[in-house]
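The values are calculated or read from the model by the stated rules, or taken from the named source; none is laboratory data. These numbers come from a predicted model, not from an experiment. Neighbour counts are summed over all protein chains in view; Cβ atoms, including those assigned to glycine, are modelled from backbone coordinates with ideal geometry.
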């Protein structure tokens with residue numbers, strides 16, 4: 001697939017997350033999707049695999065974390081990889097503590113589906129807001 005098509009697939013994925021449309025999300029990812037969210041001590045940390053893992057992570061996100069994106073993310077493509085750079089602010093609902101997270105997603109797209117997402121985030125900010 002072309003870099004432009006891969007980037008559009010990732011943009012569609014982010015739009016589906018924003019609308020929390022699980023059906024659209026699952027249609028955009030491979031059945032063996034792997035989403036790696038680094039860190040410890042905060043609700044989303046861990047490796048989430050397959051459609052069930054993705055759905056569980058998104059459910060946790062909607063229940064445990066309030067998040068907004070004050071500026072639109074930037075998208076960059078190279079081969080089958082798309083890099084997304086952005087900022088999120090919000091709070092962990094259980095503690096009420098705020099966070100600011102500058103992040104990068106490294107996403108692999110194969111045959112029009114997201115198959116791997118590796119996040120690079122401010123794990124300390126997320127853990128601090130969770131404690």
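Quick look at the values:
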item	result
Of all residues making up region 13-28, the number that are loosely packed, with under 15 Cβ neighbours inside 10 Å, farther than 29 Å from residue 129 by Cα and in contact (Cβ under 8 Å) with a residue 12 or more places away in the chain	1
All positions within region 86-121 that are buried (at least 17 other Cβ atoms within 10 Å of the Cβ) and part of a loop (DSSP other than H, G, I, E, B)	121
Region 29-44, subset surrounded by 19 or more Cβ atoms within 10 Å (Cβ to Cβ) and under 13 Å from the mean Cα position of the chain (by Cα), residue nearest to residue 66 (Cα to Cα)	44
Verdict on residue 53 being out of contact with any helix residue (DSSP H, G or I) (no Cβ under 9 Å at 6 or more places or on another chain) and free of Cβ contacts under 8 Å to residues at least 40 places away in the same chain	yes
Residue in region 37-49 that is assigned to a helix (DSSP H, G or I) and either within 22 Å of residue 103 (Cα to Cα) or in contact with a helix residue (DSSP H, G or I) (Cβ under 6 Å, 6 or more places away or on another chain) (or both) present	no
Among residues of region 73-85, those that are surrounded by fewer than 16 Cβ atoms within 10 Å (Cβ to Cβ) and in contact with a helix residue (DSSP H, G or I) (Cβ under 9 Å, 6 or more places away or on another chain), counted	4
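Results for (1) more than 26 Å from residue 112 (Cα to Cα); (2) outside any helix (DSSP H, G or I); (3) modelled with pLDDT of 95 or more, shown as yes or no for each residue.
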| site | (1), (2), (3) |
| --- | --- |
| 18 | no, no, no |
| 25 | no, no, no |
| 57 | no, no, no |
| 63 | yes, no, no |
| 71 | yes, yes, no |
| 84 | no, yes, yes |
